[in-house]
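Everything below concerns the one structure shown next.
Readers should treat all values here as calculations from the given coordinates under stated rules, not as data from a laboratory. Being a predicted model, the structure only gives us computed values, none of them experimental. Cβ placement follows ideal geometry from the backbone for every residue including glycine, while neighbour counts extend to all protein chains displayed.
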Amino acid sequence: MSDEKTKTAALSAFTQYMSQHRLRKTPERFAILEKVFDMNTHFSIDSLHAALDADGYHVSRATIYNTIELLTKCSLVRRHTFGNHSPQYEKITGLTKHYHLICSRCGKVKEVKDAEIDALLNARRFGKFQPLYADLNIYGLCGACQRKGRRRSSGAEKSGT
């Protein structure tokens, strides 16, 4: 599905959700939805606020929090808490299964696809429980943090500590 078709489908689903729950359809909510579907990575409330601000669209953080909560409830956004870091969000397009590699030191998140994990999960049965999605997080150190650690430890060895 193209980006425009994805946005159109999200707009339709969000509008329907707000109508069903008798919620106000405000320009701020639609601007937040559009910005979320323009993002191609995980984002925080702060980064979303900054992106909206950079576009000249000034929205309060409270409005962003409340709208993200609505987008989560209508299955357009997924909330992740990676370790001790603040929550991150991602749009749900329904197209790709992916898993997260999270650096325990800097908090960087990388998405990976793995056909073997997909096959294993698809073959697994859980009785009468029907899984909707899997959230697999793998924690470790990213390449940059590993290099910093090696430089730090080699510097300590040279100084004799």
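If you average the sequence gap of Cα pairs under 8 Å that are 6 or more apart and divide by the length of the stretch 96-161, what percent do you get for the contact order?
Taking the mean separation of contacting Cα pairs over the length of the stretch 96-161, I get 39 percent.
With +1 assigned to the C-beta of every Lys and Arg and -1 to the C-beta of every Asp and Glu, and no other charges, what is the dipole magnitude of the chain about the Cα centre in debye, to the nearest 20?
Around 500 debye, computed over the chain.
Can you give the relative contact order of the chain as a percent, counting alpha carbon pairs under 8 Å and 6+ residues apart?
Across the chain, relative contact order equals 17 percent.
Suppose only helical runs count, i.e. DSSP H with n ≥ 4. What mean residue ellipticity at 222 nm does that imply for the chain under -39500 (n - 2.57) per run, divided by all residues and rounded to the nearest 500 deg cm²/dmol?
One gets -15500 deg cm²/dmol as the mean residue ellipticity at 222 nm.
Relative to the longest principal axis of the C-alpha atoms of the chain, give the angle of the C-alpha long axis of helix 61-73, reported between 0 and 90° and rounded to the nearest 10°.
Taking Cα atoms only, the helix is inclined about 80 degrees.
For the stretch 57-110, rounded, prolate or oblate, judged on the Cα gyration tensor with a ≥ b ≥ c (square roots of eigenvalues), a/c < 1.5 rounded, else prolate if a/b > b/c?
Because a/c hits 1.5 or more and a/b fails to exceed b/c, the stretch 57-110 counts as oblate.
Magnitude of the Cβ-charge dipole of the stretch 96-161, K/R +1 and D/E -1, about the Cα centre, nearest 20 debye?
It comes to approximately 340 debye.
When a/c is below 1.5 the answer is rounded, else prolate if a/b is larger than b/c, else oblate, so apply that to the stretch 1-65 with a ≥ b ≥ c taken from the square roots of the Cα gyration tensor eigenvalues.
Oblate, because a/c is 1.5 or more while a/b does not exceed b/c.
Rounded to the nearest 20 debye, what is the charge dipole size of the stretch 1-94 about its Cα centre when +1 sits on each Lys and Arg Cβ and -1 on each Asp and Glu Cβ?
I would put it at about 440 debye.
For residue 108, what charge total do you get from the other residues with a beta carbon under 15 Å from its beta carbon, if Lys and Arg give +1 and Asp and Glu give -1?
+2
Among 80, 58, 100, which one moves the most in a GNM of the chain with springs linking Cα atoms closer than 10 Å?
Top of the fluctuation ranking is 58.
When the chain is modelled as a GNM with alpha-carbon springs shorter than 10 Å, which of 131, 87, 27 fluctuates the most?
Result: 131 has the largest fluctuation of those listed.
Based only on other Cβ atoms within 10 Å, what is the fewest-to-most ordering of 32, 138, 45?
138, 45, 32
Mind checking the log10 I(q)/I(0) for the chain at q = 0.10, 0.11, 0.20 Å⁻¹? Debye, one equal scatterer per Cα, no solvent, two decimals.
Values, matching the q order: -0.50, -0.59, -1.33.
Show which aspartates and glutamates lie in cross-link reach of residue 113 when reach means a straight Cα distance below 13 angstrom and same-chain residues fewer than eight apart are skipped.
Cross-link targets: 135.
Past 26 Å, Cα to Cα: identify those pairs from 5/97; 25/91; 97/148, in the order given.
97/148
Assuming a viscosity of 1.002 mPa s and a temperature of 20 °C, what translational diffusion coefficient in µm² per second does Stokes-Einstein assign to the stretch 96-161, Rh being the Kirkwood radius over Cα pairs?
Here the translational diffusion coefficient equals 146 µm²/s.
Compute the signed sum of charges (Lys and Arg +1, Asp and Glu -1) over the other residues within less than 13 Å, Cβ to Cβ, of residue 17.
In short, +4.
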